[in-house]
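The values are calculated or read from the model by the stated rules, or taken from the named source; none is laboratory data. Remember, it's a predicted structure, so these values are computed and weren't measured experimentally. Because the Cβ atoms are built from the backbone with ideal geometry, glycine has one as well, and the counts that use them run over all protein chains shown. Ligands, DNA and RNA are excluded from the accessible area calculation, which covers all protein heavy atoms including side chains. Shrake-Rupley method; radii C 1.70, N 1.55, O 1.52, S 1.80 Å.
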Amino acid sequence: MIIHHWRITRRRISATAVLGVFVLVSTCAWSSIFIHWTSPALPPARELGFSDLVLSYDAPSPLMQAARKQGYRVYVEMSPQQATALATKAESEGWAGIILNARQSERAQALNAFASLRSAHPKLRFFVLDPDGKQPEMRGSLVIKRDAVLEVSSPTAQPWIDSNLALVRVEQGADNGQVPMYSFSWNSPTAGQLARTNTAADYSLAVAEAGAFHADLILELDAGLQKALSQRDRQAWTLWKQVRSYAEFYSHPAQEGLQAAADVAVVVDDLDPSDEAMNLMARHNIPFEVSSATNLQSEDMEGVDVVVVFAKPDKKLAFQLEHLASQGKTVVVVDAHGSYPWQSQGAVQLNEHAVSYAVGSGKVLELSEPVSDPETFAQDIRRLIGNRNALLSLWNGLTTIAVPYRQNHGGLKVLELINYAQDPVRVQVKVKGSFAAIRYESPENGCCKSFAPAQHDGFTEFVIPDLAIAGRVLLENQPETGSGKGHP
Amino acid sequence: MRFNRPWIAALLLIFSSAASVQSTTRPGLVLQKRYIMGTVFEIAAYDQSSQHASTAIDQAFQEIVHVDDELSNYKSGSALSKLNRSAHFHAETVPSDLYRVIETAVQFSKLSEGKFDISVAPLVNLWKAALSGDAEPTLEQQQKVKGCVGYKKIEFIAPRQISFRSPCMQLDLGAIGKGYAVDRAAEVLRAGGILNALINAGGSTMLAMGAPPGQSAWLVHLRDPSHKIDPQVMLKDESVSTSEQTIPSLLGKDSPGHIIDPETGQPVQTEFAVSVIAKTGLMSDSLSTTLLLLGPAKGRVLIQGMAEVSAIWIAPDARVETVMSGPQIVFGRKA
């Protein structure tokens, strides 16, 4: 069964599953899992359940031919320079497309190549890949160094999450006309540590994360797993069926036309997903979007309450920021020394490094130094949003990231949740808006449970009793009477 | 990683949920983590058999979950929650674990003359909203809630009954529960034959059992808000806990902290991070909060009479105070 990029109804998916018919269909703009394959043998696409296979540009020719014969669409990963030279060969050899592997420093070059290659080779699909994703996981605070001596890095810090949400938001902010695509390498054991093999939960979490964030992922498979799958090892296939169920869950949109909702707009001059402030905002469930300082569209910021600027504003941007503040927003300008129009207003010194300027019904806060403590900064941003405005609050959600989606600038419709702890947690959720019905579906249990909503002062509260790896909340104004919308 | 045959790591298949088997004679390290008690618990254990270590670690995690089921004030069905609901009306029979933890906490309350007090929960709840950006409670509200607080209002009826002599008393074991949990986890590991392990409760409390192979003890770097002195300690069959008030806001004025002084009814004003080393997690955990509230001068007096306890107070400007009758705290750098 093909797992991604299709726009058919859930009922049809169900029927397909019942009949055991394996269908390979074309992709669309949603979220896809591409499988990175390195082993010489491979199972047929219809058995693996994924049809998009990524091979290295120097993969042996027999493997490329075998992959096509086994029913895969073959994409070849290479640098932008190699793509320019090999695109014609790609067409003649029947590749489905080329994936341009470009680190941040090569981004501009890759985007230029992407545009020109697309127009020169319309039959091929091209993607720009960010290869610097992280293995999604809940992290502890122990650091192993010097062959089996353990250290603690930060005794009072809260649990960490390694997520790819900031990377995805930055890619979306780049607005290069494609769904964000990333890959990551699995963490290696550190000194003295016994090798740990990836589990079904590890792969499932990676697949679920990409699906929940509406991004494309190139998933690396352990060499042992590839070999076992191609040898039809029963345990390997048991593992893989679980992973496949997560991909199936995210293979269709919860609703059409959803957009990520945000409380915060982050304005940057270089799009660097490694920025820890954004990672910490993600971990604290502060919904944010990213915009380039050179391409800020003030009209896109109607829904946000706080604008965080990690860029030195030029005259145009400074004017835009002052205008946003005058409309009631809080603008936080970080480490951008200079003269700005809002400084003509009365300044209030907040502390040694922070000054506030009242502007219209909003304010501009200047922080005179880089963010020294991203954790505290994220909590400050949460306070600036305020309890009355926050789209989303979680309780007992320290290992959970929730991503809210809305429809066409309207109210919230869907909440995608990922639990990086992997063990089921009981999460209490508060969302902005009054909803009459809360429905919940998950890859583990399908569709749908109903949770009793409690409405208070324009907010709706409910409890998810057992969020395992992933779940989706459908926020409904009226309870649905039909049963055809559910996930199979 | 020291594989004699490194390719083994690549060929082992992926079906184990923990770690694969190592075929060397040197014990290997198995490291696992679980989210329990609102934080990430990690257990690192050395053993010849990774399967044996994994099984023992699983059992230790189960014990921590069991402790949480009794000590949590978040879980409505926990023994503590039941006690908080009913001990105003009648003496409530509680599990022996809970009785022991509350009894130990009250001993520290007496030692610190009330600075450490597990009945501070109503004040903590009062200040929670202010931490998330709402207005601070008024003095009148603070005074009213202070009437609910006081360890002397907890009555023990041996062997396992507790009652409250205040209609609004609530207990919160957040300042001691993780310490007890690491102690219990260590007992389970020992019973399972694991002798060299380190149990980390979210970085705030750790307990070291034995030592890594070829080492005399576990090296632990302590919290250093100055980032200048890198304090370190070698732990062997000892525990270390760290307490620190909430870090001040970068974009505002003073933000209220999460550690409340039961005497004043307000968040304690201190820049220090305090780390305490003691023989058990129960002791290090409760002492670290106590010493944060007392400060270096009074804290020094309190622990000078205690055997095998070391403590360090560190300020962001690298001011340091130490008391050491236990393991030596050394500095990796000089301020």
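Here are the numbers:
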| item | result |
| --- | --- |
| Strands (runs of 3 or more DSSP E) contained in region B:198-282 and holding at least 3 residues open to solvent by less than 10 Å² (accessible area, probe 1.4 Å) and under 21 Å from B:Ala45 (Cβ atoms) | B:205-209, B:238-244 |
| Residues of region A:356-369 classified as within 14 Å of chain B (Cβ to nearest Cβ) and not in a strand (DSSP E or B), total | 2 |
| Listing of strands (runs of 3 or more DSSP E) fully contained in region A:32-92 that carry 2 or more residues being charged (D, E, K, R) | A:73-78 |
| Among the residues listed as A:Arg118, A:Arg146, the single one being modelled with pLDDT under 95 and either surrounded by 20 or more Cβ atoms within 10 Å (Cβ to Cβ) or within 30 Å of B:Ile312 (Cβ to Cβ) (or both) | A:Arg146 |
| Scan of region A:295-317 for residues that are touching a Lys or Arg at 6+ places or on another chain (Cβ under 9 Å) and either at pLDDT below 90 or under 11 Å from A:Val266 (Cβ atoms) (or both), ordered by number | A:Leu296, A:Met301, A:Gly303, A:Val304, A:Val306, A:Val307 |
| Residues (more than 22 Å from A:Arg383 (Cα to Cα), charged (D, E, K, R) and either assigned to a helix (DSSP H, G or I) or open to solvent by less than 20 Å² (accessible area, probe 1.4 Å) (or both)) located in region A:303-336 | A:Lys315, A:Lys316 |
| Those residues of region B:168-210 which are within 13 Å of another protein chain (Cβ to nearest Cβ) and among the charged types (D, E, K, R), in sequence order | B:Lys178 |
| Some residue of region A:195-213 being closer than 26 Å to A:Leu129 by Cα, open to solvent by 10 Å² or more (accessible area, probe 1.4 Å) and touching a strand residue (DSSP E or B) at 6+ places or on another chain (Cβ under 7 Å) | no |
| Hits in region A:379-399 (condition: modelled with pLDDT of 90 or more and either more than 10 Å from chain B (Cβ to nearest Cβ) or in a loop (DSSP other than H, G, I, E, B) (or both)) | A:Asn389, A:Ala390, A:Leu391, A:Leu392, A:Leu394, A:Thr399 |
| Looking only at region A:340-355, and only at residues there that are assigned to a loop (DSSP other than H, G, I, E, B) and at pLDDT below 95, the one that is nearest to the other protein chains (Cβ to nearest Cβ) | A:His353 |
| The one condition in (1) at pLDDT 95 or above; (2) not in a strand (DSSP E or B) that A:Arg472 fails to fulfil | (2) |
| Residues that are of a type in the set (S, T, N, Q) and outside any loop (DSSP other than H, G, I, E, B), drawn from region A:249-266 | A:Gln259 |
| Of the criteria (1) outside any loop (DSSP other than H, G, I, E, B); (2) surrounded by fewer than 16 Cβ atoms within 10 Å (Cβ to Cβ); (3) within 13 Å of chain B (Cβ to nearest Cβ); (4) not small (Gly, Ala, Ser), which one A:Asp300 fails | (3) |
